[in-house]
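The values are calculated or read from the model by the stated rules, or taken from the named source; none is laboratory data. No experiment lies behind these values; they were computed from the predicted model shown. Cβ coordinates were reconstructed from backbone atoms using ideal geometry, including for glycine residues, and neighbour counts include every protein chain displayed.
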Amino acid sequence: MADITIYHDPNCSSSRAATEAADELGIGVDIRRYKLKAEHPTVDELRELLAILEDEPTALVRRDANFEKLGLSDGDVQTPEQVAEVLAAHPEMIQRPVLVAAGAAIIGRPKDRVAPFLAAHS
C-alpha cells in the first residue's frame with residue numbers, strides 16, 4: 001500500500017494531472033475514486049481529512065452548478081463539521097484532486113502544488 005492517497009475523479013483534468021505527476025515521479029499512490037458508491041468517504045473520514053488539510057475546510061467544497069442545484073450556500077459549509085456532513089451526503093461536491101500523506105493533505109489546485117507535495121511525502 002502506498003503512503004500517498006489521491007482522491008481521484010478520472011473525468012477531471014486536474015485529477016488526471018495529479019496521477020500523471022505521481023507516475024512521472026515514480027511515486028506509487030493509492031487511488032480513491034470517491035465518487036464510486038463503494039468508495040464514498042464517511043463523515044468520520046472527512047473529519048479526519050479536514051483536520052489535516054492545509055487549505056481552509058470550506059475550500060474542499062466545489063462551488064459549481066451542482067452547489068446551487070442542491071440549494072447550498074456558503075453558510076452551509078462554513079465549519080469543518082458542516083463540510084464533512086455535506087460532502088458525506090454529496091461526495092460529488094468534493095474538490096479534486098485531494099492528496100493525503102503522512103498527516104498532511106492538500107487540494108491539488110492549482111496543479112503546481114501537486115509535485116512538491118508528492119516529492120515531500122514520497
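If you go through the range 89-113 and keep only what is buried (at least 16 other Cβ atoms within 10 Å of the Cβ) and either part of a strand (DSSP E or B) or among the small types (Gly, Ala, Ser) (or both), you end up with Ile94, Val98, Leu99, Val100, Ala101, Ala105, Ile106, Ile107, Gly108. Residues of the range 40-68 that are among the acidic types (Asp, Glu), exposed (fewer than 14 other Cβ atoms within 10 Å of the Cβ) and assigned to a loop (DSSP other than H, G, I, E, B): Glu54, Glu56, Asp64.
Could you check, for the range 83-90, whether at least one of its residues is free of Cβ contacts under 8 Å to residues at least 40 places away in the same chain, in contact with a helix residue (DSSP H, G or I) (Cβ under 6 Å, 6 or more places away or on another chain) and farther than 21 Å from Asp9 by Cβ? First the steps, then the outcome.
First, pick out the residues of the range 83-90 that are free of Cβ contacts under 8 Å to residues at least 40 places away in the same chain: 83, 86, 89-90.
If we keep only those that are in contact with a helix residue (DSSP H, G or I) (Cβ under 6 Å, 6 or more places away or on another chain) as well, we get 83, 86.
From what is left, the residues that are farther than 21 Å from Asp9 by Cβ are none.
Among the residues of the range 83-90, not one is free of Cβ contacts under 8 Å to residues at least 40 places away in the same chain, in contact with a helix residue (DSSP H, G or I) (Cβ under 6 Å, 6 or more places away or on another chain) and farther than 21 Å from Asp9 by Cβ, which makes the answer no.
Here Ile6 meets the list (1) in a helix (DSSP H, G or I); (2) under 27 Å from Ala119 (Cβ atoms); (3) touching a residue at least 12 places away in the same chain (Cβ under 8 Å); (4) out of contact with any Phe, Trp or Tyr (no Cβ under 9 Å at 6 or more places or on another chain) almost entirely, failing just condition (1). Screening Asp55, Asp44 for residues that are of a type in the set (Asp, Glu), at pLDDT 95 or above and either under 18 Å from His121 (Cα atoms) or in contact with a His (Cβ under 9 Å, 6 or more places away or on another chain) (or both) leaves exactly one candidate, Asp55.
Here is a list: Gly71, Gly75. Which entry is at pLDDT 95 or above, over 17 Å from Ile52 (Cα atoms), in a loop (DSSP other than H, G, I, E, B) and not aliphatic (A, V, I, L, M)? Quick ask: steps written out before the conclusion?
On the way: Gly75 fails: in a loop (DSSP other than H, G, I, E, B).
Exactly one of Gly71, Gly75 is at pLDDT 95 or above, over 17 Å from Ile52 (Cα atoms), in a loop (DSSP other than H, G, I, E, B) and not aliphatic (A, V, I, L, M), namely Gly71.
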